[in-house]
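The next block holds one structure in the form of structure tokens; read it before the comments.
The values are calculated or read from the model by the stated rules, or taken from the named source; none is laboratory data. What you see is a predicted model; the values in this text were computed from it and never measured. Glycine also receives a Cβ, built like all others from the backbone with ideal geometry; neighbour counts cover every protein chain displayed.
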Amino acid sequence: MLREAVLGVTLLSSLVFASKEITAYYNPNCGCCHKYFKRLEEKGYKIKRIEVSSEELFKKKDQLGVPVDKRSCHTMVINGRFIEGHVPAEGIEALLKDPNAKGVFSPHGTLSGWGMEERSFELIR
């Protein structure tokens, strides 16, 4: 009985940890992306950065089904779903909790330019 309980806790904790791992595809010349990634890391996310050309980035967005009118300077992927724009941590958590959402988006605004999280987000289904 104890062994099963330990195994259950181990599996649950590995799922929680996995949900905090994000792969970020971005243009290395974008200054706001680096600041935003750092802010997410300070909140406990692990960001794997992958520098790509603009063409590669557009292909990735197409593969993930990111709507054309919701695209930003970088695209992040968590558990096979996209994060587009400077989404606040609350938006990422909402994405993880909603099994019907294929991504989350925040419009680019003044805060994004400073590398900060935007205040609003929209789940994309």
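Mind listing whichever residues of the range 78-117 are at pLDDT below 95 and surrounded by fewer than 20 Cβ atoms within 10 Å (Cβ to Cβ)?
Hits for the range 78-117 are 107, 108, 109, 110, 111, 113, 114, 115, 116.
The rows are residues; the columns are (1) crowded, with 18+ Cβ neighbours inside 10 Å; (2) assigned to a helix (DSSP H, G or I).
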{"position": "40", "(1), (2)": "yes, yes"}
{"position": "50", "(1), (2)": "no, no"}
{"position": "55", "(1), (2)": "no, yes"}
{"position": "76", "(1), (2)": "yes, no"}
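Please work out which one of (1) in a helix (DSSP H, G or I); (2) touching a His at 6+ places or on another chain (Cβ under 7 Å) is the condition residue 60 fails and give its number.
Result: residue 60 passes all but (2).
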